[in-house]
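Colleague: Structure provided below as C-alpha cells; questions to follow.
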Amino acid sequence: MRFLRLAIVVLFAIAGVPAFAANLTIGLSTDVTSLDPHYHNLTPNNNVSQHVYGYLVQRNEKEQLEPGLATQWKTVAPTTWEFTLRKGVKFHDGTEFTAADVVASINRIPKVPNSPSPFTAYTKQITKVEVVDPYTIRFHTATPYPLMPSDLTQVAIIAKGSENASTDDFNSGKAANGTGPYKLVRYAKGDRIELERFDGWWGGRTPWERVTMRLLPQNAARVAALLAGDVDVIESVPTADIARLKQDKRLGMFREVADRLIYIHLDSNRDASPFVTDKDGRPLERNPLKDARVRKALSKAIDRKAIVQRVMEGEAVPAGQLVPDFLFGATPNLKVEAFDVEGAKKLLAEAGWPDGFGVTLHSPNDRYVNDAKIAQAVAQMWTRAGIPTKVTAMPSATYFPQATELKFSTMLLGWSTGTGEASSSLKALLMTFNKDRGFGGTNRGRYSNSKVDAFTEDALQTVDDVKRAAYLQRASEIVINDTGIIPIHFQVNTWAARNGITYVPRVDETTLAWKFKPRAH
C-alpha cells in the first residue's frame, strides 16, 4: 500500500496536479451551540447545518437566490407561492425526498422547545401548506409576501420521520438525516464536528471524502493550527495576522465585504435606563437616549475611519446605513456619519445635556471580529465628547440572553441580513416589537417609529421589486436619520487556506466545505 500511495503521488506530480488527501480540516472561529437545524438561529450553527441538510432555495456567494431542493417557484395567486421540488433526491438513509418532508420541516419549527433564537421568523407568515402532489407544494399567506423564496433559504429540510425528534437526537446524530452533501459522523461539543461525504448527493460528489470542523474561537490557536498544518483552512483570519499571512507563500488568502453590520443599539424606549447615570455614577431618572438629538450626538462622536484603520486594520468598511451598497434596498441618500465632536457637543447642549451624562457600553468579547476592542474605541470617543463611558465585555453565551432581556442601555451588536436585502434588518432590528406578528424580534433597544413600521410592512407585502426597493430605502432613511441604531462598519470576511486550495469568498460569511477546491494546474 505504501508503494501504491507513492505511485499515485508520482503520477499526480507528472500530470502537474497537486496530490491532495481526500480529507479537509477547517478551523472555525465561533462555537457551535447545536446541530439541531431548527433550534438556534445562529450563523455558526446554520453554517454547519448547510453541510448536512438541504434547503428549497439556496444563495450563491453574492447572496443571489439559486435553486436547491426546489427547481423553480412562482406566485399562482397574490397570496400563494408554488414550489416545484427536485425529483430523484435522496436522504442519507436512502429514502426519497418529497413534499411530505417539507411539510414536516415547516411543522416542526414552532414546536422546538426552549429555542433561544427561533426560526419562526421565516415560517410565521405561512397560513397553510398545500401538497399538490409529491413534487409540488404551495404556501399560502394572509397577504402578498414577496420574501417567501428568500425566507426558505433559512429553513432546513429534515426527513418526515424526524419531525418529532428532540434536539439531543439531532446532536447525537440519531435524527441527523438530511439531503446535504455530507453525513454527520460525530459532534463533540466545544471541540469538533466530523462529517463524511454523501456520494448520493444530488449536487454531485464533493472533493473531500471526510471533513473535520474544529472549533477554534481563540485567534492565536486558529492561526497556529493553520501554520502547523493541523488544519487546511481557517475562517475569520485575525486582522492582526493578515499582513503576515499574506506574505507566507504556503498560504492563499480570500476576502469579501460582508453583509454583516456592526452597530450599536440604544435603549430609546424606557423613561429610565439601567446603565445611564450622571457624571458621578448616580442613576438618572430621565433617559437621555429617548431624545433623537442625543442619539445623533453619539453617532457623530464616533470616528468610523479610525476604527476601520486602527482597530480593524483596514479589514472593514465604514457604514452609513443598514446594508452595504450592493445589496437590495440600499439607498444612495445615506452617507457615513461625519466624525464631528463639536457637533456632538452642540447637539447634547440643545437636548438639555450640556454637561453630558455617563453610560456603560456592553459588548460580547468572542462573537464579532475585534468586538471588545471596537467597544473600547467607541467608549473613548464618547468620553471625549463629554459622555464618560465604561465598557463591560463578556462571552456571547452570557451576553446575548441578557441583551434579549433588555438589561443594557447601549450595546455593541452585529447583524447579517440572511435575506440579502434591507428588509431583514428593518423587520428584526427596528420595527416596533410585536411577538405575535414576528416583528422586532431582536430590537433590543425597543426603537419604535410608526413610519418605519408602515414603510417596512408595505415592502413586505409588495412583490414589485422597484416599489419594494423604494419602500425599503425610505424606511432605512428614516431609521438612520432618527438614529434608531448607530451603524459603525461592515465586516470583511476572510479565509486563509494552504497553498493549492481555492475558495470563492462569500458575502454571507459561511464556510462551506464543498466550495473549497483543489487548485487546477
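Colleague: Go ahead and run the numbers for FRET between GLU350 and THR75, Cβ-Cβ distance against an R0 of 35 Å, rounding to 0.05. Show your work: numbers first, answer last.
Modeller: Details: r = 50 Å, r/R0 = 1.41.
Efficiency, from the Cβ-Cβ distance: 0.10.
Colleague: Also, quick follow-up: How big is the gap, in Å, between the Cα center of segment 218-259 and the Cα center of segment 105-137?
Modeller: Their Cα centres are 38 Å away from one another.
Colleague: Further question: When the accessible area of segment 256-357 is split by element with a 1.4 Å probe, what percent falls to carbon and sulfur? All intermediate terms of the calculation are to be shown ahead of the outcome.
Modeller: Values: 2250 of 4650 Å².
The nonpolar share, carbon plus sulfur, comes to 48 percent.
Colleague: Nearest 500 deg cm²/dmol is fine: what mean residue ellipticity at 222 nm does the chain get from its DSSP H runs of n ≥ 4 alone, each adding -39,500 (n - 2.57), divided by its residue count? Present the calculation step by step, with values, prior to reporting the outcome.
Modeller: On the way: 14 runs with 136 residues, N = 521.
Calculated at 222 nm, the ellipticity per residue is -7500 deg cm²/dmol.
Colleague: From the gyration tensor of the Cα coordinates in segment 289-385, what semi-axes in whole Å does the equivalent ellipsoid have, largest first, with each one equal to sqrt(5λ)?
Modeller: Numbers: eigenvalues 111, 68, 29 Å².
Rounded to whole Å, the semi-axes are 24, 18, 12.
Colleague: Between GLU96 and ALA243, what is the label-point separation in nm under the 7 Å Cα-to-beta-carbon projection?
Modeller: Distance between label points: 6.1 nm.
Colleague: Another question about this same structure. Based on the alpha-carbon gyration tensor of segment 42-145 and its eigenvalue square roots a ≥ b ≥ c, which shape applies: rounded if a/c is under 1.5, prolate if not and a/b is larger than b/c, or oblate? Display every interim value, and only then the final one.
Modeller: Details: a/c = 1.32, a/b = 1.09, b/c = 1.21.
Rounded is the answer for segment 42-145, as its axis ratio a/c remains below 1.5.
Colleague: May I pose another question? Using a 1.4 Å probe and ignoring any ligands, DNA or RNA, find the accessible area of ASP248 and quote it in Å² to the nearest 10.
Modeller: 30
Colleague: Could you grab the relative contact order for the chain? Cα pairs under 8 Å, six or more apart, rounded to a whole percent. Walk me through the intermediate numbers first.
Modeller: Details: 1134 pairs, mean separation 100.3, N = 521.
Relative contact order comes out at 19 percent.
Colleague: How much net charge surrounds LEU412 when only other residues with a Cβ under 12 Å from its Cβ are counted (Lys, Arg +1; Asp, Glu -1)? Intermediate results must be reported in sequence, preceding the final value.
Modeller: Details: positive: ARG367, LYS373, ARG444; negative: ASP371.
Cβ neighbours under 12 Å give a net charge of +2.
Colleague: May I ask you to list the chymotrypsin sites (Phe, Trp or Tyr not before Pro) in segment 45-114 that are in a DSSP loop and have at most 15 other Cβ atoms within 10 Å of their Cβ?
Modeller: none
Colleague: Of all the accessible heavy-atom surface of segment 406-520, with the other protein chains kept in place and a 1.4 Å probe, what percent is carbon and sulfur?
Modeller: Details: 1890 of 3800 Å².
Summing carbon and sulfur atoms, their accessible area is 50 percent of the total for segment 406-520.
Colleague: Here's a follow-up. Can you pull out the trypsin sites (Lys or Arg not before Pro) in segment 457-521 that DSSP calls coil and that have at most 16 other Cβ atoms within 10 Å?
Modeller: Of the trypsin sites (Lys or Arg not before Pro), the ones in loops of segment 457-521 whose Cβ has at most 16 other Cβ atoms within 10 Å are ARG519.
Colleague: Shape of segment 116-169 from its Cα gyration tensor (a ≥ b ≥ c, root eigenvalues): rounded if a/c is under 1.5, otherwise prolate when a/b > b/c, or oblate?
Modeller: Numbers: a/c = 2.22, a/b = 1.29, b/c = 1.72.
Oblate shape, in that a/c is at least 1.5 and b/c is the bigger or equal ratio.
Colleague: Right, next: Measuring with a 1.4 Å probe in the full set of protein chains, what accessible area per residue, in whole Å², belongs to the chain? All intermediate terms of the calculation are to be shown ahead of the outcome.
Modeller: Details: 21890 Å² over 521 residues.
Value for the chain: 42 Å² per residue.
Colleague: On to the next question. Please work out the C-alpha center-to-center distance from segment 453-504 to segment 386-400 and express it in whole Å.
Modeller: After rounding, the separation between the Cα centres reads 25 Å.
Colleague: What FRET efficiency would be calculated for the residue pair ARG519, ALA306, taking the C-beta separation as r and a Förster radius of 41 Å, to the nearest 0.05? Display every interim value, and only then the final one.
Modeller: Numbers: r = 38 Å, r/R0 = 0.92.
E between ARG519 and ALA306, to the nearest 0.05, is 0.60.
Colleague: Take every Cα-Cα pair in the chain and report what % of them are more than 30 Å apart.
Modeller: Counting pairs separated by more than 30 Å, the tail of P(r) holds 51 percent.
Colleague: For segment 120-236, what value does the Rg/Rh ratio take when both radii are computed over Cα atoms and Rh is the Kirkwood radius, given to two decimals?
Modeller: 1.06
The values are calculated or read from the model by the stated rules, or taken from the named source; none is laboratory data. Small disclaimer: the values here were computed from a predicted structure and weren't measured. So basically every Cβ, Gly included, is an ideal-geometry build from the backbone, and we count neighbours across all protein chains shown. Please note that ligands, DNA and RNA were not included when accessible areas were found on the heavy atoms of the full protein model with its side chains. Shrake-Rupley method; radii C 1.70, N 1.55, O 1.52, S 1.80 Å.
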